[in-house]
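For reference, the structure is listed below as structure tokens.
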């Protein structure tokens, strides 16, 4: 019984304890739930405050940026407005200048019209006065006025030519003298003379009979085969070979020396030796042509041009060897080109080939200038070289400075002492032609070439030539002499005008 009461008490205690703890747990749960709600409430509040703070910052930043953009836009707008104002001011100024110029132009046009009307009025008055004073018709007065104008123009033209010459002389004399003197000092040339005969020494006089042959048949065969004249009786112990063609003469000399050495002289042997001599001369031409090209410093030439250069060895002009003259010109042209900053190689090439036509003048019709230009075109030489060939004899104007240098070099080489050997007949013909050229002018009374044709003294008709006309006439005479005459160096034209008054005292 007591045991059941204890058990019941224990159960009551246990249940009471459970209830107590259950109530306590429920109370804790309520408190916890309350705290959770408070925490949630506080959290939401903080989130809202944070979001609000972020939104305020974004709005503030956006306002700042908007303000900055607005300020930038205002600044740009201000600058644009300022630029517009400045451009408007400039346009306004330009418009004022244009308006002023238009006003000036209108003023000038008005003034020009007034001057024109004044000139026309004066001309009419002068025309009327001329008719009244001189009893001339309008046409006669007009002719008189035009004649006066022509005379004034001649005077003005002569004055302009003189001023131009003086200006050119002042600027170019010193420079040109220095260049030419320097070039000539650097050029050292031998004095070369041509000959038309060559003498061959014989081992004995007995061989003369073999050279002559029966009834002179060997001489005839030799002259026919070589184209030279053979003279055997003039000088004891020697024979003379004569020919104006140095190339044929050279073939004859070599062939004759071979015949004398062989001692078997007859028409068949003569033909054989002449053939061998021609082959030897061809080899010598080739060899000499290569030497000329090498000495001139020109490379890459075609074999045909090399052979033509080699033939210069046997060609003379005015007693001057063409090869020596051309190489001398190469040296002069190189010095001139260096002084003038021109193309030295091209100047040397122009100088080397300027007389190439002379080696073919005996075989082709035409002047050596035309033949030379044809050769240059045929073998592909430069246009400048072709122009130099024409220009050095005034058949064309120099197209480049190298062509002009070639012309100058030719004058220097041809005019140096001993360069050319003119005969008395050629000299007389040249002097006479020079004087006749000057006498063709109607205003010339007499002309005399002096100083070996270096100067022409011209006596003019004083009633036709006044002081102003003198200068112009001398210029016209000089141009005509240049065009129609060939001469080394320069020719000075000196005009003499003399007025005499003679009265007899009684």
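The values are calculated or read from the model by the stated rules, or taken from the named source; none is laboratory data. As the structure is a computational prediction, the values presented were derived from the model and not from experiment. In this analysis, Cβ positions are derived from the backbone assuming ideal geometry, glycine residues included, and neighbour counts consider all displayed protein chains.
Structure notes:
- Among the residues of the range 449-472, just one is exposed (fewer than 14 other Cβ atoms within 10 Å of the Cβ) and in a strand (DSSP E or B), namely 450.
- Odd one out for residue 429, checked against (1) surrounded by 15 or more Cβ atoms within 10 Å (Cβ to Cβ); (2) modelled with pLDDT under 85: (1)
- Any hit, the range 284-296, residues being over 21 Å from residue 403 (Cβ atoms), at pLDDT below 85 and surrounded by fewer than 18 Cβ atoms within 10 Å (Cβ to Cβ): no
- Among (1) assigned to a helix (DSSP H, G or I); (2) surrounded by 20 or more Cβ atoms within 10 Å (Cβ to Cβ), the one test that residue 265 misses: (1)
- Residue match in the range 197-216 (condition: over 30 Å from residue 329 (Cβ atoms), in a helix (DSSP H, G or I) and touching a strand residue (DSSP E or B) at 6+ places or on another chain (Cβ under 8 Å)): yes
- Residue within the range 186-195 that is closer than 30 Å to residue 335 by Cα, assigned to a helix (DSSP H, G or I) and either modelled with pLDDT of 80 or more or touching a helix residue (DSSP H, G or I) at 6+ places or on another chain (Cβ under 7 Å) (or both) present: yes
- Filter pass, residue 446 being under 26 Å from residue 407 (Cβ atoms), in contact with a helix residue (DSSP H, G or I) (Cβ under 8 Å, 6 or more places away or on another chain) and surrounded by fewer than 16 Cβ atoms within 10 Å (Cβ to Cβ): no
- Unmet criterion (only one of (1) surrounded by 15 or more Cβ atoms within 10 Å (Cβ to Cβ); (2) closer than 18 Å to residue 198 by Cβ; (3) out of contact with any helix residue (DSSP H, G or I) (no Cβ under 7 Å at 6 or more places or on another chain)) for residue 272: (2)
- Candidate set: the range 313-351, residues that are part of a loop (DSSP other than H, G, I, E, B) and out of contact with any strand residue (DSSP E or B) (no Cβ under 9 Å at 6 or more places or on another chain); chosen: the one nearest to residue 411 (Cα to Cα): 318
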